[in-house]
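**Q** Supplied in structure tokens, the structure appears directly below.
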Amino acid sequence: MAETSLSSPETRERRNAPRSEGLRRIWRKVVWNWQLYVIISPVLAYFIIFEYIPMYGVQIAFKDFIANKGIWGSPWVGFKHLEMFFDSFYFERLLKNTIFISLYTLIISFPVPIVLALIIHELSGKTFKRFVQTVTYAPHFLSMVVLVGMMFIFLHPERGIVNHLIGLFGIGPIAYMEEPGWFKTLYVFSGVWQGMGFASIIYLAALAGVDPQLHEAAKVDGASRMRRIWHINIPGIMSTAVIILILSVGGLLSVGFEKIFLMQNENFIMLETSEVISTYVYKQGIQGAQYSFAAAVGLFNSVINFTLLVLVNAFARRVNETSLW
């Protein structure tokens, strides 16, 4: 009798009543705010069409892709390509270069926009502040090709202005763009120079939201400018900084392909310090026509990035109560 009563239509109806009521409530909210959903629909359509639907092609990472058979007709090989990548001669070097460049970039480039935003925020003269903002923002609008071209010109061992300047002190000339030891430093600091001004905009916006009454109260209490920056401004942008840090760590292995590829040359010794996963995928997948192998390496890279994003987000939520979700 007990089993019969639990599985009766009346019991199932009572059990499903809260769920159906919740769905009706959500539907009423959608109908009530239909204008907002119409506005966001192009964005949703973009991500569905160009981001999610193409993900079906990731299966070629587990197949021996043959163009005339298509993705579905190509034979399934499982983890063959991932095992080839893990057992390859280049795996350790690629992983080491990618992680080192990513961490180097994160350590140097993350605090610089924060410091720059704090400096710009504290500037008193409007004209001078606008001048500093313009000078620091401008490099962001240079294309990567132009930036790397400028590096080759300025750092040329014979005609470069940098070698002329250090030559005045009896140093050089140094072939910066040909020596492996300089590659990572040039990559990181040129990226900091190009991106610090534009990245500081987010922190300037966060600083604009800090309550001015906090500064007035601190002045009354006799706090210096440095103490007000340390105890008011920095805590005011801390949540923004945590979000940016989470996103940065989430893309830790996604070292930019274009800039590294442009900075590389045919010197094999140079490739030992500059070859990363993204350039390796391009050379194997596009130039070498090993589409399945390149897709498997790219998938490995994406899975590691996603895992790091989830872990760092959970850690930030536990420690600082600030997270993406």
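**Q** For the stretch 80-319, what is the relative contact order in percent, using Cα pairs closer than 8 Å and at least 6 residues apart in sequence?
**A** Relative CO of the stretch 80-319 lands at 29 percent.
**Q** May I ask you to list, by number, the DSSP H helices of the chain whose Cα span along the axis is at least 24 Å and whose average Kyte-Doolittle hydropathy reaches -0.5 or more?
**A** In the chain, the long hydrophobic H runs are 91-109, 180-208, 291-319.
**Q** Something else now. Within the stretch 183-219, find all residues whose amide N lies under 12 Å from a label point positioned 7 Å from the Cα of residue 227 along Cα-to-beta-carbon.
**A** 218-219
**Q** On full extension of the chain, what length is gained from residue 76 through residue 88, given 0.36 nm per residue of separation minus the C-alpha to C-alpha distance?
**A** Result: 2.2 nm gained on full extension.
**Q** Let me ask something else about it. In what sequence do 77, 249 fall when counting other Cβ within 10 Å, fewest first?
**A** Fewest-to-most Cβ neighbours within 10 Å comes out as 77, 249.
**Q** Tell me the label only: which of (1) 18.0; (2) 23.7; (3) 29.8 is mean projected area of the Cα convex hull in nm² as calculated from this structure?
**A** The listed entry that was calculated here is (3).
**Q** Counting only C-alpha contacts under 8 Å and six or more residues apart, can you give the relative contact order of the stretch 11-108 as a whole percent?
**A** Values: 25 pairs, mean separation 12.5, N = 98.
Once normalised by length, the contact order is 13 percent.
**Q** How large is the charge dipole for the chain, taken about the Cα centre, if only the Cβ atoms of Lys, Arg (+1) and Asp, Glu (-1) carry charge, to the nearest 20 debye? Working shown, then result.
**A** On the way: 26 positive and 21 negative charges, 228 e Å.
The calculated dipole for the chain is roughly 1100 debye.
**Q** What shape does the stretch 170-325 have by the C-alpha gyration tensor, where a ≥ b ≥ c are the square roots of the eigenvalues, rounded means a/c under 1.5, and otherwise prolate means a/b greater than b/c and oblate the rest?
**A** oblate
**Q** At a Cα cut-off below 26 Å, give the lysines reachable from residue 129, other chains included and same-chain residues fewer than 8 away excluded.
**A** Within the straight-line cut-off, residue 129 pairs with 219.
**Q** Another question, then. What is the extension gain from residue 243 to residue 211, computed as 0.36 nm multiplied by their sequence separation minus the C-alpha to C-alpha distance, in nm to one decimal?
**A** 9.4 nm
**Q** Next question. Of all trypsin sites (Lys or Arg not before Pro) in the stretch 146-244, which ones are in loop regions per DSSP and have a Cβ with at most 11 other Cβ atoms within 10 Å?
**A** The qualifying sites are 159.
**Q** Same structure, new question: Please name whichever of 189, 213, 290 sits farthest to the positive end of the charge dipole of the chain, dipole taken about the Cα centre and charges placed at Cβ: Lys and Arg +1, Asp and Glu -1.
**A** 213
**Q** Positive end of the charge dipole of the chain (Lys, Arg +1 and Asp, Glu -1 on Cβ, about the Cα centre): tell me which of 273, 56, 156 has its Cα farthest that way.
**A** 56
**Q** Place a label point 7 angstrom from the Cα of residue 96 along the Cα-to-Cβ direction, then list the residues of the stretch 238-279 whose backbone nitrogen is under 11 Å away.
**A** Label zone hits: 272-273.
**Q** How do the peptides 124-133, 173-182 rank, highest first, by the average count of neighbouring beta carbon atoms within 10 Å per residue?
**A** Taking the mean over residues of other Cβ atoms within 10 Å, the ranking is 173-182, 124-133.
**Q** Continuing with this model, one more query. Taking the Cα centre of each part, how many Å lie between the stretch 124-189 and the stretch 41-66?
**A** Cα centres, the stretch 124-189 to the stretch 41-66: 39 Å.
Each value in this text was obtained by applying a stated rule to the coordinates, not by laboratory testing. Not measured: the values here are computed from a predicted model. Heads up, the Cβs are rebuilt from the backbone with ideal geometry, glycines too, and the neighbour counts pull from every protein chain shown.
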